[in-house]
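A quick write-up on the structure given underneath.
The values are calculated or read from the model by the stated rules, or taken from the named source; none is laboratory data. Only a predicted model underlies this, so the values are computations on that prediction, with no experimental measurement involved. Neighbour counts are summed over all protein chains in view; Cβ atoms, including those assigned to glycine, are modelled from backbone coordinates with ideal geometry.
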Amino acid sequence: MDRRLALTACFIFGILMFAQYFSSHPLARSVNLAILEYWQIIFAFTLLVGVVSFFKNSVVAMKNKEERPYRMIGLIGLIGMPALALIWGIRADTPFMWMFENVQAPMQSTVFALLAFFVASASYRGFRARSLQAAILLGAAAIILLSRSQLGGVFSDVVTPVADWVRNYPSMSARRAILIGIGLGSLTTSLRVILGIERTWLGGKQ
Amino acid sequence: MPIGIPYRFWLSFVFVDCRRSKLSSYLLMSLILTLIPLTQLHWFDLERLPLFVISVIAIAIVLFTTYSRRSREKFKIRKIAGMDAVEDAIGRATEMARPVLFTPGWGGDIQRPTTIASMNFLSHIARKTGSYDCELLYPTHDPVIMTVAQEVIKEAYARAGYVDRYRDSNVTYVSSSQFGYAAAVDGMISRKKPASIFLLGTFEAESLILAETGNSIGAIQIAGTDSTIQLSFFIVACDYTLIGEELFAASGYLSQDPSILASVRAQDILKLLIALFILVAVVAATLGQVTDIATGDWWVF
């Protein structure tokens, strides 16, 4: 019964959201806004579920002596940051903002910076001319890299137009072909969900 | 009708010859009388009419192929290496007594069709890991996805007949922050050393961070995403990559459900129609450029 209710709600809201997209009437817009607001409310409650789950898992893992230092740091962050925000607020020059600017933001930047090294290691493996296709990929990558680097200024008359051609024609056409496939895949998946053919998101067919 | 919104009412006089066909005339008159106020009240946004027509055609094709018996009987999907490798990847993890890690990426929420498609994949993988008694880790950035994934995995374990092997603690919410999520999943990969990693969903900048970490521990990696930029990273760093619509076809491919397979056929028909449209538009545009024939710009909308 609960599954039938979920499928009915999914069908009604799926059709409603599809229909409101093609209407510019104030009522249709207000329906859209109301549904989006309700989504935010639902998300806020599920965030609580997520936080409780994280807390519970961390405590259980610490009791079992699994990954204790990491779990401890995670829990300190989870409890500490909201505590600082509740006591001193979140305006500038508060302990919360100090922690955000001097601890959280640099840590996020550090993880992002790892990307540069990973791009280098992945490129080293990917750009090996082991076949004709790999050689073409290597050649195209070399042209693009050259045109976007400082060195490219020296050969800008030759390299830049070729690089632009590679980006605007072969690369763009392949990208658009993939995007068409993704769009069609999204359409059929959405329809399967709205019509109740696809029920894996509910745990499976019953 | 809501209060406080200005409404305009139009009174129209329509003169119809009712002598020949009374019923059709009344129908025509009612249609005109209904359409005029609806258009004036903006119930239908006429600027979106071409998109509406295309959507209706696409939906009609999907519905026809899904519910047509003939279409369901004769359709067979081509082999997709990434999906065939799922069995080997889980088998390898079981033999090595190491876990399988599945993560849907940071870019999507449960509303995205890519996330729903990844759930279909997850269900299949969970059934296998449940049968083989192999640990399945599922870290995510979204508590809604976590809740749905818990339900999907639990159900899959139950269908495999091993509901007792399901652990709630293996399906975890880690962080909503992009690099917080990337760091948490990276740490999990480095410490738990999963033998197989599935990166299926909507990924952004974290894609290569996760894929390269997985590569560094020697895990078999199967990836798939709807982001064309991240696809290039996955192709380089992962063993198998599901490109574009392959991820959406996974549900039908893995379950072999005739109605889902038939809807995949609709994708092919629509793709063919789009290719024909592009071809005709290119010919018309070229003719318009090289000759004096006025072909217009009907393909732009």
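Taken over segment B:145-197, the residue count meeting the criterion of being outside any helix (DSSP H, G or I), of a type outside the set (K, R) and within 11 Å of chain A (Cβ to nearest Cβ) is 7. Listed by first and then second residue, the pairs linking a residue in segment B:272-300 that is under 21 Å from A:I180 (Cα atoms) to a residue that is outside any helix (DSSP H, G or I), with Cβ atoms under 6 Å apart and 6 or more places separating them unless they lie on different chains, are B:A281/B:W299. Filtering segment A:81-95 to residues that are under 26 Å from the mean Cα position of the chain (by Cα) and surrounded by 15 or more Cβ atoms within 10 Å (Cβ to Cβ) leaves only A:M81.
For segment A:62-85, does any single residue satisfy the condition of being of a type in the set (A, V, I, L, M), free of Cβ contacts under 8 Å to residues at least 60 places away in the same chain and either assigned to a loop (DSSP other than H, G, I, E, B) or at the interface with chain B (Cβ under 7 Å from one of its Cβ atoms) (or both)? Within segment A:62-85, not a single residue is of a type in the set (A, V, I, L, M), free of Cβ contacts under 8 Å to residues at least 60 places away in the same chain and either assigned to a loop (DSSP other than H, G, I, E, B) or at the interface with chain B (Cβ under 7 Å from one of its Cβ atoms) (or both).
Taking segment A:98-206 and the helices (runs of 4 or more DSSP H) fully enclosed by it, the elements with 1 or more residues that are closer than 23 Å to B:I209 by Cβ and facing another protein chain (nearest Cβ under 8 Å) are at A:105-126, A:172-194. Considering each residue of segment A:34-41 in turn, none proves to be within 10 Å of chain B (Cβ to nearest Cβ) and either touching a residue at least 12 places away in the same chain (Cβ under 8 Å) or more than 26 Å from B:Y173 (Cβ to Cβ) (or both). When segment A:2-42 is limited to residues that are among the hydroxyl-bearing types (S, T, Y) and outside any helix (DSSP H, G or I), the one that is modelled with the lowest pLDDT turns out to be A:S24. Residues in segment A:136-165 that are surrounded by 17 or more Cβ atoms within 10 Å (Cβ to Cβ), free of Cβ contacts under 8 Å to residues at least 12 places away in the same chain and in contact with a Gly (Cβ under 9 Å, 6 or more places away or on another chain): A:L137 only. Candidates in segment A:165-205 are the residues that are of a type in the set (S, T, N, Q) and in contact with a helix residue (DSSP H, G or I) (Cβ under 6 Å, 6 or more places away or on another chain); of these, the one that is modelled with the lowest pLDDT is A:T200. If you go through segment B:125-144 and pick out every residue that is closer than 27 Å to B:E204 by Cα, more than 9 Å from every other protein chain (Cβ to nearest Cβ) and part of a helix (DSSP H, G or I), you end up with 2.
Can you find, within segment B:116-160, the residue that is surrounded by the most Cβ atoms within 10 Å (Cβ to Cβ) among those that are without any contact (Cβ under 8 Å) to a residue 24 or more places away in the chain and either hydrophobic (A, V, I, L, M, F, W, C) or out of contact with any strand residue (DSSP E or B) (no Cβ under 6 Å at 6 or more places or on another chain) (or both)? The selected residue is B:I116.
Of all residues in segment B:201-218, how many are part of a helix (DSSP H, G or I) and more than 11 Å from B:Q178 (Cα to Cα)? Matching residues across segment B:201-218 total 9.
B:I80 meets each of the listed conditions (1) touching a helix residue (DSSP H, G or I) at 6+ places or on another chain (Cβ under 7 Å); (2) modelled with pLDDT of 90 or more; (3) more than 18 Å from A:W201 (Cα to Cα) apart from (2).
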